[in-house]
Amino acid sequence: MSADLLIFDLDGTLIDSKRDLADSVNATRAWMGLPPLPDECVYSYVGNGAPVLIRRALPDATDHDLARALKHFLEYYREHMLDATLLYPGVQEALDRLYAAGVPMAVLTNKPVRFSIRLIEGLGLEMHFFRVYGGNSFEEKKPHPRGIDLLVAEVGADR
């Protein structure tokens with residue numbers, strides 16, 4: 001296989017992290033004295049970063065309470081992000097084959113970079129990726145092209 005560069009998202013692409021995210025959201029709601037949300041509801045809120053996730057999960061919260069809740073969510077998630085998160089079927093084998101073929105691979109996600117790296121290391125994938133950029137690696141989050149442009153430049157790939 002020949003490719004100049006493969007860039008992967010993390011959540012919902014390489015890993016299934018829904019359970020740990022839903023548990024972290026509901027732990028935060030419990031900490032705020034609120035009942036849990038159904039898993040499917042929380043899953044529908046995922047995808048635009050933790051601040052948006054918490055805002056969606058706490059629609060009636062004040063800005064002050066949202067800031068406190070986000071801090072609690074991030075602390076809880078940091079401790080529990082690998083409780084139930086796992087690779088999707090076939091991901092390990094595909095990444096192994098691509099790595100063995102010398103294909104440069106990177107991760108570009110809206111998840112904070114420190115969490116992304118910890119997840120990748122915890123799932124034994126760190127050797128596969130030459131770079132991991134997270135939602136706080138740049139001023140702009142995906143879908144802004146800055147992360148892609150930088151990764152392409154880093155490997156000298158054609159865009």
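The values are calculated or read from the model by the stated rules, or taken from the named source; none is laboratory data. Remember, predicted model here, so these are calculated numbers, not experimental data. Counting neighbours? That spans all protein chains shown, and the Cβs are built from the backbone with ideal geometry, glycine included. Ligands, DNA and RNA are stripped out before the accessible areas are found, and what is left, the full protein with its side chains, is counted by its heavy atoms. Shrake-Rupley method; radii C 1.70, N 1.55, O 1.52, S 1.80 Å.
Picking from residues in region 67-109 that are open to solvent by less than 30 Å² (accessible area, probe 1.4 Å) and more than 20 Å from Leu151 (Cβ to Cβ), the one that is farthest from the chain's Cα centre (by Cα) is Ala69.
For region 1-33, a residue qualifies if it is open to solvent by 70 Å² or more (accessible area, probe 1.4 Å) and more than 14 Å from Tyr76 (Cα to Cα), and the qualifying residues are Met1, Ser2, Asp4, Lys18.
Enumerate the pairs (first residue in region 23-38 and small (Gly, Ala, Ser); second residue anywhere and assigned to a loop (DSSP other than H, G, I, E, B)) with beta-carbon separation below 8 Å, excluding pairs fewer than 6 apart on the same chain, so at least 6 apart or on different chains. As it stands, the answer is Ser24/Met81; Ala30/Pro36, since those pairs meet every condition given. Counting only residues that are open to solvent by 50 Å² or more (accessible area, probe 1.4 Å), over 15 Å from the mean Cα position of the chain (by Cα) and modelled with pLDDT of 95 or more, region 110-144 holds 2 of them. Tallying residues that are within 19 Å of Ser116 (Cβ to Cβ) and surrounded by fewer than 16 Cβ atoms within 10 Å (Cβ to Cβ) within region 45-66 yields 4.
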